[in-house]
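The values are calculated or read from the model by the stated rules, or taken from the named source; none is laboratory data. This one's a predicted model, so the numbers in the text were calculated from it and none came from an experiment. Glycine also receives a Cβ, built like all others from the backbone with ideal geometry; neighbour counts cover every protein chain displayed. When the accessible area is computed, the model is the full protein with side chains, heavy atoms only, and any ligands, DNA or RNA have been set aside. Shrake-Rupley method; radii C 1.70, N 1.55, O 1.52, S 1.80 Å.
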Amino acid sequence: MDQIKIGKFISECRKEKGYTQVKLAEKLGITNRAVSKWETGKSLPDASVMIELCELLGINVNELLTGEKVSEENYKRKAEENMVEMVKKNKKSKAEIIITLLIIISIVIDSVTGMILSKMFTSDETRAAIGIMSFVLLLCLVGIWTGTTLCLKNKK
């Protein structure tokens, strides 16, 4: 889905209906800033207001997500494309959450292990070595997380 295209479409439909951003926002019970973010392509309407937004603009959800009026013969194909795109986005979001949780768990385990080992060994040099190893492992985990997140975002 092209958020900028969708935003321009929302703007066009809003103007056709004679609404200002403020008036449309009031009717939806949201801020005009949210409407502005949609129209500039910075965000998409939340699912909780999508149906009402479509009703106010005289369009359907498929047209909203496509960012254009959809003819009857193209309706099914566009709906399927939109569904596939939504599934892809959902999978990427889940993958990002899982990666973040794994990194957090690894950091906690790394910290606890470092504290336990530093208590077991009395030598300051050993404690320093364990601290440095823990820090290096932490940097590696953050690097893996950052790299994976960037890869997921580039696949959009």
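Against the test of being under 18 Å from MET83 (Cβ atoms) and hydroxyl-bearing (Ser, Thr, Tyr), the options THR66, THR31 yield a single qualifying residue, THR66.
Given the structure, is LYS8 modelled with pLDDT of 95 or more and over 25 Å from THR146 (Cα atoms)? Yes: the conditions hold for LYS8. When GLU39, GLU80, GLU96, GLU63 are screened for being open to solvent by 60 Å² or more (accessible area, probe 1.4 Å), acidic (Asp, Glu) and free of Cβ contacts under 8 Å to residues at least 60 places away in the same chain, only GLU80 passes. When LEU65, LEU138, LEU57 are checked against the criterion of being at pLDDT 70 or above and farther than 30 Å from TYR19 by Cβ, a single residue qualifies: LEU138. Residues considered: VAL70, VAL22. Of these, the only one that is buried (at least 18 other Cβ atoms within 10 Å of the Cβ) and more than 25 Å from the chain's Cα centre (by Cα) is VAL70.
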